[in-house]
Amino acid sequence: MTRTTGILSDSAIGTLFGEGRLMSEMMLDHDQIQPASLDLRLGAKALRVRASFMPGRAHTVADKLERLTLHEIDLENGAVLETGCVYIVPLMESLDLPAEMSASANPKSSTGRLDIFTRVMVDYAQEFDKIPAGYKGPLYLEISPRTFPVIVRRGSRLSQIRFRVGQALLGERELLDLHAAETLVASEAPNVSGGGIALSIDLKGTGDDGLIGYRGKHHTGVIDVDKKAAHDILDFWEPLYSRGADELILDPDEFYILVSNEAVHVPPLYAAEMTPYDPLVGEFRVHYAGFFDPGFGHAAAGGSGSRAVLEVRSHEVPFILEHGQVIGRLVYEHMQERPEGLYGSGLGSNYQAQGLKLSKHFRLG
């Protein structure tokens with residue numbers, strides 16, 4: 001059954017390419033289309049700019065780049081992007097969306113876990129990561145590494161895009177009914193409000209060693225975003241352990257990898273997205289919103305017990321997080337149809353059945 005509204009599936013994204021609604025400078029990678037999203041690839045050059053900017057309704061991105069570019073970097077053979085700098089990269093993919101179709105973008109999971117700040121921009125945009133219905137034109141990615149310098153190259157995939165037709169979000173009543181039928185989060189009394197279902201923080205640790213998270217180190221080496229298990233964890237991260245207090249003091253300007261207390265489930269006919277928790281209730285935020293594809297945490301796709309990994313920063317002052325404190329919300333959307341592949345089902349998914357897990361770039365020892 002196909003809905004008239006909802007998130008496009010993998011097969012529908014493939015159809016967009018076939019119809020010329022999605023275009024790319026080169027053939028797609030074999031794993032570029034995910035169950036409910038498309039990975040976006042960096043083009044051949046990065047432009048170092050003075051500051052982040054918004055094109056605004058009267059300008060293309062290229063207009064602004066003419067004035068703000070400091071220098072151009074060739075990405076063909078790889079280049080280092082330094083922390084604290086802002087880069088704009090034209091992407092390989094471009095769009096010619098139908099009038100009824102919009103899109104949104106988010107950092108890939110591995111990008112967020114490396115504290116690489118990324119946002120997709122389009123011409124005449126007044127919002128980052130939002131592509132209006134009917135948009136025709138190029139895509140650009142703003143990149144600003146926050147904790148680690150990184151090596152990227154033409155074809156590197158740091159961001160992903162999701163396509164939707166009409167209103168796809170589930171309301172609170174729908175969320176409660178779906179949770180009763182499918183158990184969206186491992187909680188008998190889910191906190192559903194603000195259009196989402198709450199996730200809380202685990203500060204007890206699930207392993208014998210009491211590991212509860214990691215804090216990014218400063219002044220490290222360079223991370224190659226395209227290489228798996230290439231870097232020693234302890235060269236880049238300080239492990240954090242529970243000491244019985246079930247709390248953690250977040251220091252300002254530090255980057256933390258933590259994990260949700262609840263397991264998360266995204267049934268095959270739905271997609272989900274993490275949204276930051278309201279900062280009015282605490283001086284912290286989940287740093288990067290992220291997509292959860294259909295099948296994440298789904299038992300039939302090998303995902304039973306999958307937790308949500310959280311990238312967390314404090315604001316201007318130190319802040320104490322306590323075990324079980326609400327730290328983010330998941331919003332769910334309808335798929336137009338069931339995707340051909342589910343997250344984790346032979347797709348090379350890196351984070352199915354995950355607990356506390358760093359990005360795929362790290363190894364122990």
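What follows draws every value from the coordinates through simple rules; no lab data is involved. This structure is a prediction, so every number in the text was calculated from the model and none was measured. Glycine also receives a Cβ, built like all others from the backbone with ideal geometry; neighbour counts cover every protein chain displayed.
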Q) Gain in length, VAL80 to THR275, computed as 0.36 nm per residue apart minus the alpha-carbon separation, to one decimal in nm? A) 67.2 nm
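What fraction of the DSSP beta bridges in region 172-334 is antiparallel, stated in percent and rounded to the nearest 5? Don't skip to the end; give the middle numbers.
Numbers: 37 of 38 bridges.
In region 172-334, DSSP labels about 95 percent of beta bridges as antiparallel.
First check a/c for region 172-334, with a ≥ b ≥ c the square roots of the eigenvalues of its C-alpha gyration tensor; if it is under 1.5, answer rounded, and if not, answer prolate when a/b is larger than b/c or oblate otherwise. Mind showing how you got there, number by number?
On the way: a/c = 1.78, a/b = 1.41, b/c = 1.26.
Prolate, because a/c is 1.5 or more and a/b exceeds b/c.
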Q.
With a 10 Å cut-off between alpha carbons and a GNM built on the chain, which of LYS217, LYS136, LYS228 moves the most?
A. LYS228
Q. What's the FRET efficiency of LYS204 with ASP251 using the Cβ-Cβ distance as r and R₀ = 25 Å, to the nearest 0.05?
A. 0.75
Q: Quick one: among ALA79, ALA36, ALA58, which has the greatest mean-square fluctuation in a GNM of the chain with alpha-carbon springs under 10 angstrom?
A: ALA58
Q) Any idea what the dipole of the chain comes to, in debye rounded to 20, about its Cα centre with Lys/Arg Cβ at +1 and Asp/Glu Cβ at -1? A) 580 debye
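Kindly state, to the nearest 0.05, the FRET efficiency for THR2 paired with ASN191, given R0 = 45 Å and r defined as their beta-carbon distance.
Numbers: r = 32 Å, r/R0 = 0.72.
FRET efficiency, THR2 to ASN191: 0.90.
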Q) Points 7 angstrom from Cα along the Cβ direction at ALA181 and SER11: gap in nanometres? A) 2.1 nm
Q) Which is farthest toward the positive dipole end of the chain among MET54, TYR270, LEU170, measuring Cα position about the Cα centre, with Cβ charges +1 (Lys, Arg) and -1 (Asp, Glu)? A) MET54
Q: Give the calculated FRET efficiency between ARG146 and LYS227 to the nearest 0.05, with a Förster radius of 25 Å applied to their Cβ-Cβ distance.
A: 0.80
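Rounded to the nearest 500, what is the 222 nm mean residue ellipticity of the chain from helices alone, with -39500 (n - 2.57) per DSSP H run of 4+ residues and division by all residues?
Values: 5 runs with 37 residues, N = 365.
Mean residue ellipticity, 222 nm, calculated: -2500 deg cm²/dmol.
Compute the length gained on full extension between ILE320 and ARG48: take 0.36 nm times their separation in residues and subtract their Cα-Cα distance, giving the result in nm to one decimal.
Numbers: separation 272, 0.36 × 272 = 97.92 nm, distance 3.65 nm.
That works out to 94.3 nm of additional length.
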Q | the chain: most fluctuating residue of MET27, MET101, MET121 per GNM, C-alpha cutoff 10 Å | A | MET27
Q | Dipole-positive endmost among GLY6, ILE116, LEU95 within region 6-165 (Cβ charges, Cα centre) | A | ILE116
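Sum up the charges of everything whose Cβ sits under 14 Å from the Cβ of ALA58, counting Lys and Arg as +1 and Asp and Glu as -1, but leave ALA58 out.
On the way: positive: ARG57, LYS64, ARG67; negative: ASP63, ASP123.
Once positives and negatives cancel, what remains is +1.
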Q | Options (1) 15; (2) 19; (3) 24 - which one matches percent of Cα pairs over 36 Å apart as calculated here | A | (2)
Q.
Could you check the spin-label model distance between GLU238 and GLU127? Points 7 Å from the Cα along Cα→Cβ, value in nm.
A. 3.8 nm
Q: Pairs to check: LYS108/LYS357; LYS217/LYS357; LYS204/LYS228; LYS204/LYS360. Give those whose C-alpha atoms are more than 26 Å from each other in this structure.
A: LYS204/LYS228
Q) Dipole size in debye (nearest 20) for region 6-165 around its Cα centre, Lys and Arg Cβ +1, Asp and Glu Cβ -1? A) 400 debye
